[in-house]
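Below is one structure, written out as structure tokens, with a few remarks after it.
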Amino acid sequence: MSAAPLAFREYDDDHRLSTEEVARRYRTLIEQLPLVVYVDALDAVSSNIFTSPQIEPLLGYGVDEWKTDTDLFARLLHPDDRERVLTAHKKTHDTHEPLSIEYRLIARDGRVIWLRDEGVIVLDDHGKPLYLQGYLLDITREREAELQLRQQALYDTLTGLANRAFFHERLRHAIKLRHEEGQATGLLYIDLDDFKGINDRWGHDLGDEVLREVGRRIEQSVRPGDTAARLGG
């Protein structure tokens with residue numbers, strides 16, 4: 001039983017790695033991961049200490065820009081996500097609880113990138129917080145697929161209006177809401193007379209375009225909070 005540990009010690013002595021070699025191997029590993037690794041300071045603006053090079057093809061901003069521009073992260077946050085994300089980061093800084101959040105950043109070319117951000121506060125041997133270390137994972141395709149499934153489930157594929165199922169859901173909600181407030185709900189049904197003649201004379205492609213245009217005009221006419229739907233063929 002003693003031969004194996006002895007053989008291991010011999011191997012370790014003969015192959016002891018220098019600090020530079022360990023750093024090189026660690027850096028190579030980090031740079032090959034299909035995600036962005038980051039280290040941020042625990043200050044008010046989460047100053048960047050380290051970001052792996054994968055950040056540039058993802059968002060169009062290089063490593064040096066993340067280090068020197070302390071406001072870059074906050075500026076790139078989608079306006080609808082900014083307050084929520086900054087609040088989550090502050091909570092992690094204050095409580096040292098892990099960070100786990102999904103949000104959007106605006107890339108240099110204007111693309112909207114969905115990210116999953118997972119981070120932890122690293123402590124020293126005495127329990128003192130040192131920095132926030134984590135990773136950013138691109139989940140844009142996943143979110144776009146979810147949106148597409150939602151569109152197919154709730155909206156008419158031709159006109160983009162709410163489909164029959166979504167219409168009934170919104171109608172029930174509107175009636176309940178207005179009933180509680182002592183108000184009424186209005187329902188307007190629109191039919192297209194002689195639409196079959198368009199299909200017969202000009203073809204179904206033109207008929208589909210007519211339906212799309214009617215849908216666009218109806219949507220432009222309703223108020224925010226109202227629902228325009230296509231119930232039948």
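Any idea which residue in region 54-91 is farthest from residue 112 (Cα to Cα), counting only those that are of a type in the set (D, E, K, R) and in a loop (DSSP other than H, G, I, E, B)?
So, considering only residues that are of a type in the set (D, E, K, R) and in a loop (DSSP other than H, G, I, E, B), the one farthest from residue 112 (Cα to Cα) is 69.
Looking only at region 123-132, which residues are surrounded by 15 or more Cβ atoms within 10 Å (Cβ to Cβ) and hydrophobic (A, V, I, L, M, F, W, C)?
Result: 132, single match.
Conditions tested, residue by residue: (1) modelled with pLDDT of 95 or more; (2) farther than 28 Å from residue 219 by Cα; (3) of a type in the set (Asp, Glu).
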{"residue": "107", "(1), (2), (3)": "yes, yes, no"}
{"residue": "116", "(1), (2), (3)": "yes, yes, no"}
{"residue": "128", "(1), (2), (3)": "no, yes, no"}
{"residue": "134", "(1), (2), (3)": "no, yes, no"}
{"residue": "146", "(1), (2), (3)": "no, no, yes"}
{"residue": "154", "(1), (2), (3)": "no, no, no"}
{"residue": "164", "(1), (2), (3)": "no, no, no"}
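Test of understanding: among 116, 84, which residue is of a type in the set (D, E, K, R), within 15 Å of residue 140 (Cβ to Cβ) and out of contact with any His (no Cβ under 7 Å at 6 or more places or on another chain)?
116
Working only within region 78-92, note down all residues that are more than 15 Å from residue 134 (Cα to Cα) and either in contact with a strand residue (DSSP E or B) (Cβ under 6 Å, 6 or more places away or on another chain) or touching a residue at least 60 places away in the same chain (Cβ under 8 Å) (or both).
Listed by number, the residues that qualify are 78, 81.
For the subset of region 220-231 comprising residues that are of a type outside the set (Val, Ile, Thr) and in contact (Cβ under 8 Å) with a residue 40 or more places away in the chain, which member is farthest from residue 160 (Cα to Cα)?
That would be 231.
For region 121-155, name all the residues that are within 30 Å of residue 215 (Cβ to Cβ) and in contact with a strand residue (DSSP E or B) (Cβ under 7 Å, 6 or more places away or on another chain).
Of region 121-155, the ones within 30 Å of residue 215 (Cβ to Cβ) are 140-155.
If the condition is that a residue be within 30 Å of residue 215 (Cβ to Cβ) and in contact with a strand residue (DSSP E or B) (Cβ under 7 Å, 6 or more places away or on another chain), then 140, 143, 154, 155 are the ones that fit.
State the number of residues belonging to region 92-110 that are in a loop (DSSP other than H, G, I, E, B) and exposed (fewer than 13 other Cβ atoms within 10 Å of the Cβ).
Going through region 92-110 one residue at a time, the tally reaches 5.
From the residues in region 114-156 that are basic (Lys, Arg) and under 21 Å from the mean Cα position of the chain (by Cα), which one is nearest to residue 50 (Cα to Cα)?
116
Yes or no: region 46-53 includes at least one residue that is closer than 26 Å to residue 96 by Cα, at pLDDT 90 or above and part of a helix (DSSP H, G or I).
The answer is no, given that none of the residues of region 46-53 is closer than 26 Å to residue 96 by Cα, at pLDDT 90 or above and part of a helix (DSSP H, G or I).
The values are calculated or read from the model by the stated rules, or taken from the named source; none is laboratory data. Quick caveat, the model's predicted, so the values are computed rather than measured. Using ideal geometry, Cβ is built from the backbone for each residue, glycine included, and neighbour counts are taken over all protein chains shown.
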